[in-house]
Amino acid sequence: MDTDFDANDAKYREAFEASMQELNALLNEREELESMRNLLDRRIEKLRQVAVGLGGICGESIDTIGGKWPELVPDKAPEITGLTDAIREVLSTHSEHYLSPIHIRDLLRETGFDTGKYKNVLASIHTVLKRLRSRKEVVDTSNEGKVVYKWNRQ
């Protein structure tokens, strides 16, 4: 009977060691991806500045650039009033929890909000959330490397 237990114990130990190795590898991979994301974010910001400058030379104002490409220049995108109010409602209704943009999209759909009229609804949600954050209507934090948002009850 002891030999069966020892054999099972060895199998558990082997599975444990394998899971720890995989966990370590995934954490290292995530760290590398976060580093790459930081590099990409810096490059994106530089390209936004270049695009705005070149747009000015071509007669495009920052407002028209933001209107035509809201996902590329989110801080300059026009106000999306219906979506903004719907996101405020979702966040205030779930004010005890941090929500990801994907979760917010799903909750919008559950409430019957028509997300289908947006070419890229997640980009629009990100734009609205950034605007609400700058107005201090929401607070954000990082959860497993992703930004999540919560209604600011102040």
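Among the residues of the range 6-63, those that are more than 22 Å from the chain's Cα centre (by Cα) and of a type in the set (G, A, S) comprise A7, A10, A15, A18, S19, A25, A51, G53, G55, G56, G59, S61. E60 passes all but one of (1) assigned to a helix (DSSP H, G or I); (2) more than 14 Å from G145 (Cβ to Cβ); (3) modelled with pLDDT under 90; which number fails? So the condition that E60 fails would be (1).
Could you grab me the full set of residues in the range 117-154 that are touching a residue at least 24 places away in the same chain (Cβ under 8 Å) and assigned to a loop (DSSP other than H, G, I, E, B)? Y118, N120, E137, G145, R153, listed by residue number. Could you tell me whether any residue of the range 140-151 is in contact with a helix residue (DSSP H, G or I) (Cβ under 9 Å, 6 or more places away or on another chain) and farther than 24 Å from E34 by Cβ? Looking through the range 140-151, at least one residue is in contact with a helix residue (DSSP H, G or I) (Cβ under 9 Å, 6 or more places away or on another chain) and farther than 24 Å from E34 by Cβ.
The number of residues in the range 28-75 being of a type in the set (A, V, I, L, M) and within 23 Å of K119 (Cα to Cα) comes to 8.
Taking each residue of the range 1-24 that is of a type outside the set (F, W, Y) and in a loop (DSSP other than H, G, I, E, B) and looking for partners that are modelled with pLDDT under 75 and loosely packed, with under 10 Cβ neighbours inside 10 Å with beta-carbon atoms closer than 7 Å, six or more apart or interchain, yields nothing. Under the condition of being among the charged types (D, E, K, R) and at pLDDT 90 or above, the residues counted in the range 6-30 number 6.
The values are calculated or read from the model by the stated rules, or taken from the named source; none is laboratory data. Since we're looking at a predicted model, the values are computed, not measured. Glycine gets a Cβ as well: all are built from the backbone with ideal geometry, and neighbour counts include every protein chain shown.
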